[in-house]
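Worksheet: the structure to be examined is printed underneath.
The values are calculated or read from the model by the stated rules, or taken from the named source; none is laboratory data. Given the structure is predicted, the values throughout are model-derived calculations rather than measurements. Cβ coordinates were reconstructed from backbone atoms using ideal geometry, including for glycine residues, and neighbour counts include every protein chain displayed. Areas reflect the complete protein model, heavy atoms only, side chains present, ligands, DNA and RNA absent. Shrake-Rupley method; radii C 1.70, N 1.55, O 1.52, S 1.80 Å.
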Amino acid sequence: MCGIIGILGSAPAAPRLVEALKRLEYRGYDSAGVATLEGGVIKRRRAPGKLANLERELAAAPLAGVTGIGHTRWATHGAPTTANAHPHATDRVAIVHNGIIENFRALREELIAKGHKFESETDSEVIAHLITAGLDKGEKPEAAAIGAVRRLEGAFGIAVLFAGEEDVLIGARKGSPLAVGFGDGEMFLGSDAIAVSPFTTRVMFLEEGDIAILSRAGAKVLDADGAVAQRQIHIFSGGVASVEKGNHRHFMQKEIYEQPETTGRTITRYVNAYDERVEMPDLDGVDLAADNAIIIGCGTAHYAGRVAEYWLEQIAGITVETDIASEFRYRKPAFGKKSFGVFVSQSGETADTLAALRYCKENALKTLAVVNVPESTIWREADARLPTLAGPEIGVASTKAFTAQLSALAALAIAVGRARGALSSQEEGRLVHALMETPRLITDALTAEPQIEAIAHELAHARDVLYLGRGVHYPIALEGALKLKEISYIHAEGYAAGELKHGPIALIDEDTPGVVVAPHDALFEKTLSNMQEVAARGAKLIVITDPAGAAAVKDIAKHIILAPACDAFVAPLVYSVPIQLLAYLTAVQKGTDVDQPRNLAKSVTVE
Ligand code: G6P
């Protein structure tokens, strides 16, 4: 959730720390702070709110030094104030932390009894004091850091800076990710590869329990048992350019417009376009001929899984159970013998999804990760992986990662159908062909922006909005409602169109618009009846449909958003675009902070 950066550099650290934090602000933006060594002395600047406030602090009172750490916070313990902002420090140590220290109260009381003075309400500050206690006993930085880390319970990624030690930076990882960047005579620590991307493309990902001791000459990694460990260095191709906004007003807008490319990239990874066949990578023992599957995720990733549930049932004829990771992990569900688990996650770090994956592995279920961030924890811990190739997603509201997840899951459904003998090669060819057309159809769907913008002006005045869909478009309605509430703060609910009469219809009046996701497919007539029921009660309908559907709803719809006609199989991908644009343009109209909506974080690495 929080973003971490650490630099052992050869140029002034403060501007570089801020540069990295700009890339990390998507992880949290309740407060930000940096600490550098000025002549060996720890100096800090911190500010509540957005990074711009910290930049102002630094402009008024610059920090010198080439060694430093920085942090952008998503608050867990303690309000987003300056005192609670990281880095936390004593006169000997400064730390930045991502995660939750569960035993911080006991440690804090112990340290207070020994005379340590605490300044904040955070769980994190205890780390700085624990390390200081070790140094005060005469321990060297490495021993003091290791001793402190061993006493911490909970989840953490931390970076530690030591007064008087210009060539030491220590990082530790348990539960929260941490990456080490290798520069030319410079070294970096980051909560992900994006953090270090302005400085280097050579990145090493720490594993659970690792402690990394950095000097400008390189990194020594100790594993959870204290043994020296070798970790592979990867070339991070996520590049700096892909985390710039370019000509777009917001990252979200840029990411919506990247979808022809990102879905195309993901689809072509899994299909042989010439033979019109799906080609899966080696899935390391995941048996696609299984009788059932479970699909787990959170938020938008969960809704991608809900779409895949329909696909897998309809195309492959297997029983599918989808669940939200935070529920699943405590249900202690049992599994059928011939089954596998699919874990959908953009970041690959969501704490609940990771816990659900681990539960499945402990219960001998083969696990398959549909993940966007390479080398993330879920990526590495799953038995097999289907990468989504959306590239770095910065907007907190997920868009291109969602359609990339759908792309990979659509290919998986076809592969399972073939493995089970449920799909003729002719039918497989038709589905693959439809998938190959999707990037072009998404390009067509994007052309509705001016039309959607006009509707967004009206929607921005709504207090409540109902989203309706049927079949595979029910999860798209859920996703549409989620997008709208996340970024425009308008209350929205997604419902299965057929469920309307069982309660939500009571909410309908002329002030409650209904957004209906309704391509002219096999279920269209059923949805049309539901639309009529709503229209009869005065609701203003915004119908997202294709030309055939538009002709049928022209008398009852207040607005029609036209989507291109497409194969029903890929319609969830195509219809994702107008619901994203509707939420985006409504939020822009309302003037909210689209890329960093209040209270949210991009990557939720705490429970
Ligand atoms: C947060 C993000 C959502 C995302 C969800 C799951 O809530 O704001 O956009 O869908 O986490 O994250 P994941 O990284 O596992 O896909």
Taking +1 at the Cβ of each Lys and Arg and -1 at the Cβ of each Asp and Glu, which of L446, L21, V307 sits farthest along the dipole of the chain towards its positive end, judged by Cα position relative to the Cα centre? L21
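What ranking, highest mean first, results for peptides 221-231, 168-178 when packing means the other Cβ atoms within 10 Å averaged over each residue?
Numbers: 221-231: 12.9, 168-178: 25.3.
So the peptides 221-231, 168-178, ranked by packing, come out 168-178, 221-231.
Let me know the volume per residue of the alpha-carbon convex hull for the stretch 150-306, in Å³. Could you put the intermediate results ahead of the total?
Values: hull volume 34.1 nm³, N = 157.
That works out to 217 Å³ per residue.
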Relative contact order (percent, whole number), the stretch 447-590, Cα cutoff 8 Å, 6+ residue spacing: 31 percent
How much of the accessible area of the stretch 447-590, probe 1.4 Å, is carbon plus sulfur, in whole percent? 53 percent
Whole-Å semi-axes of the stretch 522-607's equivalent ellipsoid, largest first, each the root of 5 times a Cα gyration tensor eigenvalue? 30, 17, 13
Could you tell me what a quarter of the Cα convex hull surface of the stretch 255-441 works out to, in nm² with one decimal place? 9.4 nm²
Given only helices, namely DSSP H runs of n ≥ 4 each adding -39500 (n - 2.57), what is the per-residue ellipticity at 222 nm of the chain, to the nearest 500 deg cm²/dmol? -11500 deg cm²/dmol
Using R₀ = 25 Å, calculate the FRET efficiency as 1/(1 + (r/R₀)^6) where r is the Cβ-Cβ separation of K554 and H433; round to 0.05. 0.20
What is the Cα radius of gyration of the chain over 2.2 N^0.38 Å, N being its residue count? 1.00
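List the relative contact order of the chain as a percent without decimals, with contacts defined as Cα pairs under 8 Å and 6+ residues apart. Write down the numbers at each step before the final one.
Working: 1448 pairs, mean separation 70.9, N = 607.
Computed over the chain, the figure is 12 percent.
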Amide H proximity to E102 below 5 Å, modelled H, separation 5+ or other chain, gives E153, G154, A155
Once you sort the root eigenvalues of the Cα gyration tensor of the stretch 396-555 as a ≥ b ≥ c, which label holds: rounded (a/c under 1.5), prolate (a/b larger than b/c) or oblate (the other case)? prolate
Rounded, prolate or oblate: which one fits the stretch 396-461, using the alpha carbon gyration tensor with axes a ≥ b ≥ c (rounded when a/c is under 1.5, else prolate when a/b beats b/c, else oblate)? prolate
Cα to Cα, under 29 Å, and not fewer than 8 places away if on the same chain: which lysines meet these conditions relative to K338? K361, K366
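Between D464 and R440, what FRET efficiency follows from the Cβ-Cβ distance if R0 is 51 Å, with the result rounded to 0.05? Spell out each step's value before the answer.
On the way: r = 36 Å, r/R0 = 0.70.
That pair, D464 with R440, gives E of 0.90.
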Arranged from highest to lowest average of other beta-carbon atoms within 10 Å per residue, in what order do the peptides 108-114, 258-264, 202-208, 481-487 appear? 481-487, 258-264, 202-208, 108-114
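Taking a ≥ b ≥ c as the square roots of the Cα gyration tensor eigenvalues, with a/c under 1.5 meaning rounded and otherwise prolate when a/b beats b/c, else oblate, which class fits the stretch 3-247?
Values: a/c = 1.45, a/b = 1.14, b/c = 1.26.
Taking the square roots of the gyration eigenvalues as a ≥ b ≥ c, the stretch 3-247 is rounded.
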Which lysines does K590 reach when only Cα atoms under 26 Å apart count, and residues fewer than 8 places away in its own chain are ignored? K22, K50, K245, K254, K400, K483, K485, K540, K558, K602
Computing the accessible area with a 1.4 Å probe over protein heavy atoms, can you report the carbon and sulfur percentage for the stretch 3-247? 51 percent
Going Cα to Cα from K114, which lysines come in below 28 Å? Please leave out same-chain ones fewer than 8 positions away. K43, K137, K140, K174
Let's see if you can work this out: charge +1 on each Lys and Arg Cβ, -1 on each Asp and Glu Cβ, no other charges. What is the dipole magnitude of the chain about its Cα centre, in debye to the nearest 20? 700 debye
Contact order relative to length of the stretch 383-444, as percent, for alpha carbon pairs under 8 angstrom and 6 or more apart: 23 percent
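Could you work out the percent of alpha carbon pairs in the stretch 218-319 separated by over 20 Å, rounded to a whole number? Write out the running numbers ahead of the final one.
Values: 3486 of 5151 pairs.
Percent of Cα pairs beyond 20 Å in the stretch 218-319: 68.
Using a 1.4 angstrom probe, figure out how much accessible area the chain has per residue, in square angstrom, rounded to the nearest whole. Before the final figure, lay out the partial values.
On the way: 21940 Å² over 607 residues.
Spelled out: the 1.4 Å probe surface of the chain, per residue, equals 36 Å².
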For the stretch 1-89, using Cα atoms only, the Rg and Dmax in Å read 11.7, 35
Arrange the peptides 248-255, 592-599 so that the one whose residues have, on average, the most other Cβ atoms within 10 Å appears first. 248-255, 592-599
